[in-house]
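Here's the structure, in structure tokens; my notes come after.
The values are calculated or read from the model by the stated rules, or taken from the named source; none is laboratory data. As the structure is a computational prediction, the values presented were derived from the model and not from experiment. Virtual Cβ from ideal backbone geometry, glycine too; neighbours counted across all protein chains shown. What goes into the accessible areas is simple: the full protein's heavy atoms, side chains included, and nothing from ligands, DNA or RNA. Shrake-Rupley method; radii C 1.70, N 1.55, O 1.52, S 1.80 Å.
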Amino acid sequence: MLATDPPQHTRLRKLVTKAFTSGAVAQLRPFIARVTDELLDQWPVGERFDFVAGLAVPLPVIVICELLGVPAGDRPDVRRWSGELFAAGRPDAIDAASHSLADYMTTLIAAKRLSPGSSLLDGLIATRDGDDRLSEEELVSLAVLLLVAGHETTTNFLGNAALALLQRPAELDRLRKNPDDVPAVLDELLRFDSPVSTATFRFTTKPVTLGGTVIPAGAPVLIALGAANRDPVRFPSPGLLDLDRDASAHLSFGHGIHRCVGASLAKAEAEIALRAVLSRFPGIRLAGPADRLEWRHTRLVRGLVSLPVQV
Ligand code: HEM
């Protein structure tokens, strides 16, 4: 879907958008809240805890697996392959992870054909088998995209947002005292530290002049979303986390026809997770110096390997 143009893109996108409308996401909120609570129940108060391993990774994985109908026992494999896909590893390792995910989805689809359920993936299978609006290859590819795009990104968003707030006790305190402000500050948190570094490779269809440079037709273009989000012309003092600024024009979800289909789901997860952490652990703080934190070695996404906190 990410690498298609209309009309193919329009057809594919139409098949999944209804699963991610704000109404559909609202129905998922109780589930997201329950999973968040169960994960936070395991946080020992008064001890160090890894925000990434304990919440930012498992929450989005569980939510997207539930939505797609991926059995709980398969989540660790899915998570591992997906991590390898995003790691800046050797091309053959990335290729192997991509094939593992595609093989897994092919097997899952076959199992669901024998024993259908009510998940998003079951709906896509019914579309494929019913009126043939989806080829088998598109079905597998779409399932893998949803699985991977549905959690890697949100994991990084949660970690980056938590770090930005933990480094700024006044802002953290404000949200703790006014938890209803959380939904309104998500855009600024997304702008401040973009969880996805670059958009998909795209090709110009005609010459484009940008900042005095002519990009010829047919050239590959890779847009740095994180850099656009720090453009001082668009966002004054871009290096400042300003929870009161209108950051709704950020590019963290992309722009145009490929704008993120899961944006409202990602925001719902972040809102629920941040509110729950702030209310349960009012004294939460970083467990070590921020400049010692390890970032993931990948050019595609920007996220923390771990985020030790003291609760
Ligand atoms: C904070 C979390 C997220 C961020 C930062 C994010 C970011 C993005 C970006 C930048 C794009 C556009 C890429 C491009 O134009 O090349 C995109 C597209 C997409 N995202 Fe997300 N995403 C997030 C969460 C999700 C979730 C939860 C899902 C759910 C399955 C999802 C599914 C997709 C899909 C399917 C596309 C392709 C849309 C298309 O090609 O029309 N994303 N996302």
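Is the stretch 164-175 home to any residue that is of a type outside the set (A, V, I, L, M, F, W, C), at pLDDT below 95, open to solvent by 40 Å² or more (accessible area, probe 1.4 Å) and outside any helix (DSSP H, G or I)? No, the conditions are met nowhere in the stretch 164-175. Out of 92, 74, one residue alone is part of a helix (DSSP H, G or I), in contact with a Cys (Cβ under 8 Å, 6 or more places away or on another chain), open to solvent by 30 Å² or more (accessible area, probe 1.4 Å) and away from the ligand (no atom under 16 Å from the Cβ). It is 74.
Across the stretch 193-208, a minimum of one residue is classified as closer than 29 Å to residue 87 by Cα, open to solvent by 20 Å² or more (accessible area, probe 1.4 Å) and among the small types (Gly, Ala, Ser). Filtering the stretch 128-145 to residues that are touching a helix residue (DSSP H, G or I) at 6+ places or on another chain (Cβ under 6 Å), outside any loop (DSSP other than H, G, I, E, B) and open to solvent by less than 30 Å² (accessible area, probe 1.4 Å) leaves 139, 140, 143, 144. Residues of the stretch 218-274 that are at positive phi and more than 13 Å from the ligand (Cβ to nearest atom): 218, 237. Note on the stretch 217-257: residues that are in contact with a Ser or Thr (Cβ under 7 Å, 6 or more places away or on another chain) and open to solvent by less than 80 Å² (accessible area, probe 1.4 Å) amount to 10.
For residue 301, indicate whether it is modelled with pLDDT under 95, in contact with a strand residue (DSSP E or B) (Cβ under 7 Å, 6 or more places away or on another chain) and under 23 Å from residue 40 (Cβ atoms). Here the answer is no, as residue 301 does not meet what is asked. Residue check: residue 33 meets all listed conditions (1) surrounded by fewer than 19 Cβ atoms within 10 Å (Cβ to Cβ); (2) in a loop (DSSP other than H, G, I, E, B) but one, namely (2).
Against the condition over 30 Å from residue 197 (Cβ atoms) and either open to solvent by less than 60 Å² (accessible area, probe 1.4 Å) or not polar (S, T, N, Q) (or both), how does residue 54 come out, does it pass?
For residue 54, the condition - over 30 Å from residue 197 (Cβ atoms) and either open to solvent by less than 60 Å² (accessible area, probe 1.4 Å) or not polar (S, T, N, Q) (or both) - is not met.
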